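Asks: I have a structure here, written as structure tokens, and I will follow up with some questions on it.
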Amino acid sequence: MALLAVGLNHKTAPLPVREKVAFAPESLPVILRDLASNEHVSEAAILSTCNRTEMVCCVDQAGGDIVARWFREYHRLQPEDIEPYLYRHPDQGAVKHLLRVASGLDSLILGEPQILGQIKDAYFTACEAGTVGRHLNKLFEYTFSVAKQIRTDTAIGASPVSVAFAAVSLARQIFASLDQHTALLIGAGQTIELAARHLRENGIGRLIIANRTLARAETLVNEVQGSAITLTEIPHYLASADIVISSTASPLPILGKGAVESAIRARKHRPMLMIDIAVPRDIEPEVGALRDVYLYTVDDLKEIIDEGLKSRQQAALQAEEIIDTESARFMGWLRSLDAVSTIRSYRDSMETMRQEELEKALRLLRRGQNPEEVLNMVTRALVNKLAHGPSTHLRRAGFEGREELLRAARELLDIKDPGDA
């Protein structure tokens with residue numbers, strides 16, 4: 001039995017290729033059972049996201065090529081369509097790969113946390129499909145534990161490396177606690193969606209999302225919990241906003257100096273953080289000159305992002321060291337399983353000898369023989385039986401000059417070297 005990770009990702013394959021080999025989430029249980037039904041595959045899990053599609057399996061010696069062929073044939077592709085983009089990570093390479101992916105070291109954005117949730121979903125789906133056994137179960141549990149350790153022991157996810165993350169980090173610096181504050185987000189694109197999620201994760205008190213199309217704002221609100229308004233309603237809500245983050249595709253500013261001045265007066269000059277991450281700008285530059293307004297643009301956030309990347313890159317080096325150690329430790333556990341059947345057989349044979357000598361002793365005792373003599377006889381016989389097999393093989397090893405076997409026996413039996421004092 002061997003571990004194997006086979007797949008492709010954003011580093012090895014362009015988007016058109018990744019699109020061709022993505023698996024629909026609702027079809028995964030059936031797909032997993034199809035993969036695991038192969039005689040060379042004993043366990044299987046599939047991770048399929050916009051940036052990667054890969055299979056983590058337990059296979060026999062022929063399994064590496066079998067899994068890649070199954071992947072290709074399932075998607076009805078020719079070898080030349082897929083082989084240049086595939087990677088194969090066997091055994092410890094598979095463990096290390098999964099640990100790196102779970103820790104965000106293999107992500108498009110270094111250290112991003114979403115991938116860990118996606119791996120957990122892949123694991124639960126495989127469990128429900130019945131394609132996870134002892135080995136993958138242990139591997140995934142170990143992966144979750146190591147990923148948590150890396151998040152705790154390094155700063156891999158602490159520093160902002162996206163515009164949305166940087167904006168929320170800035171808000172946390174200015175407002176120590178967000179639970180008593182209101183955020184107004186203008187727009188409903190991906191950046192605003194990420195900002196909304198980050199704000200919700202950081203405990204924002206109230207969330208208002210304004211968009212030209214109310215339906216789009218309402219869709220986002222349903223996901224992050226908040227209120228949806230149109231752009232024309234912004235003046236009625238602006239004064240209640242402690243944090244304003246704007247990212248639209250408008251060719252003209254959404255917020256002018258006059259509207260913000262009115263809001264500041266209504267707020268009785270309580271400070272307002274405004275972050276304009278739109279290009280062209282959504283907030284007139286003159287707003288930055290107003291007292292009690294802290295206006296930041298996308299260029300200001302770039303410095304925060306650059307610093308965050310440096311911090312994460314340093315943390316990534318620490319994470320790689322942890323992964324090297326932990327992947328080797330997991331492989332040690334996996335190898336130890338190979339000894340289990342040998343240990344069980346050895347114990348069973350010892351138990352058989354014990355039972356045989358015990359029955360002899362009981363028969364002699366029932367006949368009235370001296371208990372002390374019986375104990376001496378039985379223990380001597382048991383020792384002779386236990387030592388007979390190893391002694392025979394050790395004498396043969398000495399005769400044949402197999403010094404390596406003699407050294408192994410001394411280690412196994414915890415016997416001091418005859419030359420030792």
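Asks: What's the local net charge at HIS269, with K and R +1, D and E -1, over the other residues with C-beta under 9 Å away? Could you put the intermediate results ahead of the total?
Replies: On the way: positive: ARG265, ARG267, LYS268, ARG270, ARG291; negative: ASP292.
Neighbour charge sum, excluding HIS269 itself: +4.
Asks: Using 7 Å Cα-to-Cβ label points, what is the ARG216/SER27 separation (nm, one decimal)?
Replies: 3.0
Asks: If you don't mind, there's one more thing I want to ask. What does the charge count near ASP60 come to, summing +1 for each Lys or Arg and -1 for each Asp or Glu among other residues with Cβ under 12 Å from its Cβ? Mind showing how you got there, number by number?
Replies: Details: positive: none; negative: GLU39, GLU43, ASP65.
Taking every other residue near ASP60 into account, the sum is -3.
Asks: Now for a separate question. Work out from phi, with θ = phi - 60° and the Karplus expression 6.51 cos²θ - 1.76 cosθ + 1.60, the ³J(HN,Hα) of each residue of region 392-404, listed in order in whole Hz, and give x for Gly and Pro.
Replies: Rounded to whole hertz, the list is 4, 5, 5, 4, 5, 4, x, 4, 8, x, 8, 4, 5.
Asks: Taking the number of other C-beta atoms within 10 Å as the exposure measure, put ILE229, ILE115, ILE209, ILE174 in order starting with the fewest. Show your work: numbers first, answer last.
Replies: Details: ILE229 20, ILE115 23, ILE209 26, ILE174 15.
Ordered from fewest to most neighbouring Cβ atoms within 10 Å, ILE229, ILE115, ILE209, ILE174 come out as ILE174, ILE229, ILE115, ILE209.
Asks: Also, quick follow-up: Compare the Cα positions of ALA361, THR379, LEU412 along the charge dipole of region 349-412 (+1 at Cβ of Lys, Arg; -1 at Cβ of Asp, Glu; about the Cα centre) and return the one farthest towards the positive end.
Replies: Positive-most Cα among the choices belongs to ALA361.
Asks: For the chain, build the charge dipole from Cβ charges (+1 Lys, Arg; -1 Asp, Glu) around the Cα centre, then report which of CYS127, MET1, GLY398 sits farthest towards its positive end.
Replies: GLY398
Asks: If you scale each eigenvalue of the Cα gyration tensor by 5 and take the root, what three semi-axes come out for region 43-85, rounded to whole angstrom and sorted largest first?
Replies: The answer is 17, 15, 8 Å, longest axis first.
Asks: Here's something else I'd like to know. Quick one: which residues, 5 or more positions from GLU43 or on another chain, have an amide H under 5 Å from its amide H? H modelled 1.01 Å from N in the peptide plane, none for Pro or chain starts.
Replies: Placed amide hydrogens put CYS58 under 5 Å from GLU43.
Asks: Cα extents of the chain along the three principal axes, largest first, in whole Å?
Replies: 110, 54, 45
Asks: Calculate log10 I(q)/I(0) of region 283-418 for q = 0.12 Å⁻¹, where I(q) comes from the Debye formula with a single equal point scatterer on each Cα and nothing for solvent.
Replies: -0.83
Asks: Convert each backbone phi in region 205-221 into a coupling constant with the Karplus relation 6.51 cos²θ - 1.76 cosθ + 1.60 (shift: θ = phi - 60°), then list the ³J(HN,Hα) values in order as whole Hz, x for Gly and Pro.
Replies: Computed from phi, the couplings for region 205-221 are x, 9, 10, 10, 10, 10, 8, 4, 9, 4, 4, 5, 4, 5, 4, 5, 4 Hz.
Asks: Can you list the trypsin sites (Lys or Arg not before Pro) in region 366-421 that are in a DSSP coil and have 15 or fewer other beta carbons within 10 angstrom?
Replies: Details: sites: ARG366, ARG367, ARG380, LYS385, ARG395, ARG396, ARG402, ARG407, ARG410, LYS416; in loops: ARG367, ARG402, LYS416.
Those satisfying the criteria are ARG367, ARG402, LYS416.
Asks: Where both residues lie in the chain, what percent of DSSP beta bridges are antiparallel, nearest 5?
Replies: Numbers: 19 of 42 bridges.
For the chain, the DSSP antiparallel bridge percentage is about 45.
Asks: While we're looking at this one, here's another question. So for LEU15, LEU184, fewest C-beta neighbours within 10 Å to most, what's the order?
Replies: Working: LEU15 10, LEU184 26.
So the ranking, lowest neighbour count to highest, is LEU15, LEU184.
Asks: Something else about it: Tabulate in residue order the Karplus-calculated ³J(HN,Hα) for region 121-132, using 6.51 cos²θ - 1.76 cosθ + 1.60 with θ = phi - 60°, rounded to whole Hz; enter x for Gly and Pro.
Replies: 4, 4, 5, 5, 4, 5, 4, 5, 7, x, 10, 10
Asks: Right, another one. Quick check: net charge around VAL95, other residues with Cβ under 11 Å of its Cβ, Lys/Arg +1 and Asp/Glu -1?
Replies: Overall, the nearby charge balance is +1.
Asks: Using only Cα atoms, locate the centre of region 157-183 and the centre of region 255-316, then give the distance between them in Å, rounded to an integer.
Replies: What the calculation gives is 12 Å, centre to centre.
Asks: For helix 134-153, what angle does its Cα long axis make with the longest principal axis of the chain, in degrees from 0 to 90 and rounded to 10?
Replies: The helix 134-153 is inclined about 50 degrees to the chain.
Asks: Give me the dipole magnitude in Debye, nearest 20, for the chain about the Cα centre, with unit charges on the beta carbon: positive for Lys and Arg, negative for Asp and Glu. Please report the intermediate quantities before stating the final value.
Replies: Working: 49 positive and 56 negative charges, 169 e Å.
Dipole of the chain, to the nearest 20 debye: 800 debye.
Asks: Would you list ILE109, ILE66 from fewest to most Cβ contacts within 10 Å?
Replies: So the ranking, lowest neighbour count to highest, is ILE109, ILE66.
Asks: So, one more: What residues have an amide H closer than 5 Å to that of ILE209, excluding those fewer than 5 places away on the same chain, when H is modeled at 1.01 Å from N in the peptide plane?
Replies: For ILE209, whose amide H was placed from the backbone, the distant partners under 5 Å are LEU185, SER227, ALA228, ILE229.
Asks: Shifting gears a bit: If I model a spin label at HIS75 and MET353 as a point 7 Å from the Cα along the Cα→Cβ vector, what separation in nanometres do I get?
Replies: Distance between label points: 5.7 nm.
Asks: Sticking with this structure for a sec: In whole angstrom, how long is each semi-axis of the equivalent ellipsoid of region 334-380, when you take the square root of 5 times every eigenvalue of its Cα gyration tensor and sort them from largest down?
Replies: On the way: eigenvalues 235, 16, 5 Å².
That gives 34, 9, 5 Å for the three semi-axes.
Asks: Then there is this: Taking the Cα atoms only, what angle lies between the long axis of helix 298-366 and the longest principal axis of the chain, rounded to 10 degrees?
Replies: Between helix and principal axis, roughly 20 degrees.
Asks: Which whole number of Å³ per residue matches the convex hull of the alpha-carbon atoms in region 349-412? Don't skip to the end; give the middle numbers.
Replies: Values: hull volume 5.6 nm³, N = 64.
About 87 Å³ per residue, rounded to a whole number.
Asks: Grab the eigenvalues of the alpha-carbon gyration tensor for region 163-303, scale each by 5, take roots, and send me the semi-axes largest first in whole angstrom.
Replies: On the way: eigenvalues 73, 57, 48 Å².
For region 163-303, the ellipsoid semi-axes come out as 19, 17, 16 Å.
Asks: Compute the long axis of helix 257-266 from its Cα atoms, compare it with the longest principal axis of the Cα atoms of the chain, and write down the angle in degrees, 0 to 90, nearest 10.
Replies: 80
Values quoted throughout were computed directly from the atomic coordinates according to the rules given, and no laboratory measurement underlies them. Just so you know, these numbers come straight off a predicted model, no measurement behind them. Neighbour counts are summed over all protein chains in view; Cβ atoms, including those assigned to glycine, are modelled from backbone coordinates with ideal geometry.
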